[in-house]
Each structure stands twice: as C-alpha cells, then as structure tokens.
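Accompanying notes for the structure given below.
The values are calculated or read from the model by the stated rules, or taken from the named source; none is laboratory data. Only a predicted model underlies this, so the values are computations on that prediction, with no experimental measurement involved. Cβ coordinates were reconstructed from backbone atoms using ideal geometry, including for glycine residues, and neighbour counts include every protein chain displayed. The accessibility values were calculated without ligands, DNA or RNA, using every heavy atom of the protein model including side chains. Shrake-Rupley method; radii C 1.70, N 1.55, O 1.52, S 1.80 Å.
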Amino acid sequence: MGLPSLRAAAWALRRACGPWTPRLGPRLLCLPPMAGNGDAPMPVGTKQEQDRKARRGWQGTARIWEETEQQAKKLKSSEDGEQPRKLPKRKIVLLMAYSGKGYHGMQRNVGSSKFKTIEDDLVSALVRSGCIPENHGEDMRKMSFQRCARTDKGVSAAGQVVSLKVWLIDDLLEKINSHLPSHIRILGLKRVTGGFNSKNKCDARTYFYMLPTFAFAHKDHDAQDETYRLRAETLGRVNRLLACYRGTHNFHNFTSQKGPREPSARRYILDMFCEEPFVREGMEFAVIKVKGQSFMTHQIRKMVGLVVAIVKGYAPESVLERCWGEAKVDVPKAPGLGLVLERVHFEKYNQRFGHDGLHEPLDWAREEAEVTAFKEQHIYPTIISTERHERSMAQWLSTLPMHDFSATAHAAASPGTKVPRPLEGSDGDGDSD
C-alpha cells in the first residue's frame, strides 16, 4: 500500500474513533461513551497540538520510507554493474626506453594504421591497463599527452620522457609493461606539477650516435673492412671537428625545414665528442655524444655525416665554416640506425620543484641500472645485428662520392648569386632526430 493510501486510511480511522490520546502511545483506542454518562473523555492538550504531533509522526515515517527506497536504488545499481565514482586524474611523467627498428618514429599518426609508431603501442597499453579511458586513446589531448622528442624513423631511445594525466591505479608500471612488447619498456614514473609539459620544460637533450669505426677510414681504404681499428690520431681529429659544432650556430644547412634567415634555425650545442672505440662481435664501434637545447629534423645525422665526409677525404674542413653562412651546402645525412635519444634534462624544473617536499627531481638516478641493462639487451644488439645484415653504414658510405662539396663555394663567390629564400619549416622545436 502506498503512502497516500495509508494516510487516507489513518484519517478515516481518526474521524471514526475520535481524537488521539497521546498517553496511550501509538496504539489508538476507540471507546464508546459509558452508559449513564453522557460526557465523552476530554482530550489531553489542544487540537492544534495533537494535529502537529500527528504530522510529525507521519513525516518521520515518510523519511524512513524515502531512505529505504534510496538504499534499494543504490543496491539495484550496483547489481546492474554500474561503475563507482572514478578516481581523479593526476599528472605524471613516464621514463621510456625503446628500440626504434621497425617503427616510423615516436609520434602517433592518428587515423593512419599504415605506419606504426612507438606511441601506437604505448597508448594501447595505457588503455588496456585501465589508467586512461578509451576515448583518451583516440584523442591524446584529453590526457594532456606530450613527449620530449619526436624521434625519427628507426631511431631508438634509452631515456625518452612523456607527460600525461592518468588514474593512479595500483601496480601501474607493471600493468602498462604487461601490455607492451619487450623492446618497449616503462622504466620509471614520477608525479609532477599539474601544468608540467615534458617538451616545454625540457632544458636540453642528449643523443648518441653509434657507428662502426670503418666509417672514419680514408676513402682509399676498403669501406667494408671489419678489421679496421680507429687510430688515436684519427680519433683526435674527429673530436676536433666535432668541437666546431659547440656554441650557437645557424644550422639551416643541417635540416630541410629551415631557411638561412629563420631565427629558429639558430641552435645551441652544449657539447659534442666521440668516445673511445670498443669491439662487439669482431667489429669495432664508436659512440658520438651530443648535448643541445633542441634539435631540428635530421640535424644530428647531418652533423655526423659531414664530419665523416671530411675525415674520409671527400670534403675539405673549410666546408664546416661555409655551413654557417646563407649559401646552401650539400650536407650528407648519416643513416638513422645508430641514433639514440639517451637522456633529457630538466635542470630549471628540478631547481624550482625538485626539493619542495611535494615533488621528486627528474634525474632518474635510481633507474640508471635499468636504462643501462635495456641498452645492452635491446639497443646495442639491434644496431650491431642490423649493421651486419643490412650494411646500412657501408651502403651510405658508397653514396658520399655523389655529393659535390665544392660547388656551393663557387656558387657563393659568383656575382649575382641569389641567396635562397627562407623555406617553410616547422615550429623550430621538432626534435625529430
């Protein structure tokens, strides 16, 4: 019986039995007048007070019924499988390592399944782990996703950092990695400020380029001689040439995206050098390291390519100085196989927030052993085995005689030579190498 029906029945009973007697409590008695006594029992209290108490009784009963009904609805919704209230999202950064072989770079191409990227596998793992909803995977802006560097096709990384908003579920790292292939790993996670952007907050990036040392052998030497060993004087010359890149220069000749008069073509290189060579599987390799604020598309590969061309004897050392001018210089681009994003730097962020008691510095010192292990297990072996089977460096070296490094010098000296117009380029922060 519903509430209106009960209320109507109660008022009908009251009219039949007379006024409520409070002293009798909730049990309502109906006594007829006694024989010989024409006076009916006198009510206790006024009629208004009795009505007010009766209303309070019915209102209390109605509240109990409403609360019971709400509890029943909650129970029914949980039985129907409705999700509880979602956890709040938090801004974090992930330390990533991956082997880029077989991928068309880091950045995801939304709507294109033809060219697979590292972010395709990452976003899929984030959705399947339950830390982001599926629609965030379709539109990465909803989770404020940003990467430090857009590594190019075939380029690997040992210290890529991405920022995004996620639900901080239990065992987050383990769950994400369980849905990733073994050549892509999340090695670390840290909470950051709500407005953190991994690209904009990055002060500098360190890359290394691993190549077989026969790339520095003179052009008269066999380009595929795996027994070649780099001499100390040759290594010294390589480092002297690499040091010419330090400082701020106009690198428009080291990318296809910039014209000579575009301000964003000027880039600052903090350091560049070649480490001592080492032997792996009978072949000698060397590692060139470069640290800069930011890099343009193909910039590092062209910086390495030009030094190789000079050391081998295909180009004069003076070509380096001409590259800073406005004239176009034919700069060869080394293969992408040996290029690896090793580390990204957040010095200014660490100074301001790294020791505020709420956030950790982004230095990844505790993850260093895992980074080294990943390089030894996935990056170095991939570079070595691919070079052995595909001979990418040897094939590229055979194309160096096709470049004319002296033509630009004559063109620049000729009267009436027009300076190339600025090319349409990116926003200057491509970091696509």
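Listed values, structure above:
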item	result
The range 271-282 - residue that is out of contact with any helix residue (DSSP H, G or I) (no Cβ under 6 Å at 6 or more places or on another chain) and open to solvent by less than 70 Å² (accessible area, probe 1.4 Å) and, of those, farthest from Gly325 (Cα to Cα)	Gly282
Subset tally (residues that are among the basic types (Lys, Arg), part of a loop (DSSP other than H, G, I, E, B) and within 30 Å of Ile92 (Cα to Cα)) for the range 190-240	2
Selection within the range 141-157 - without any contact (Cβ under 8 Å) to a residue 40 or more places away in the chain and surrounded by fewer than 21 Cβ atoms within 10 Å (Cβ to Cβ)	Arg141, Lys142
Meets criteria (open to solvent by 40 Å² or more (accessible area, probe 1.4 Å), basic (Lys, Arg) and out of contact with any strand residue (DSSP E or B) (no Cβ under 8 Å at 6 or more places or on another chain)) for Arg246	no
Residue ID - nearest to Phe208 (Cα to Cα), chosen from residues in the range 96-131 that are among the β-branched types (Val, Ile, Thr) and open to solvent by 40 Å² or more (accessible area, probe 1.4 Å)	Val110
Answer residue from the range 158-175, given it is in contact (Cβ under 8 Å) with a residue 24 or more places away in the chain and open to solvent by 10 Å² or more (accessible area, probe 1.4 Å) and is nearest to Val93 (Cα to Cα) among those	Lys165
Pairs with Cβ under 8 Å, 6+ apart, first in the range 378-393 and at pLDDT 95 or above and in a helix (DSSP H, G or I), second exposed (fewer than 14 other Cβ atoms within 10 Å of the Cβ) and small (Gly, Ala, Ser)	His378/Ser182
One residue from Ala149, Ala157 being assigned to a strand (DSSP E or B), under 21 Å from Gln107 (Cβ atoms) and of a type outside the set (Val, Ile, Thr)	Ala157
Residue list for the range 196-228, filter: open to solvent by 70 Å² or more (accessible area, probe 1.4 Å) and under 40 Å from the mean Cα position of the chain (by Cα)	Asn200, Lys201, Gln224
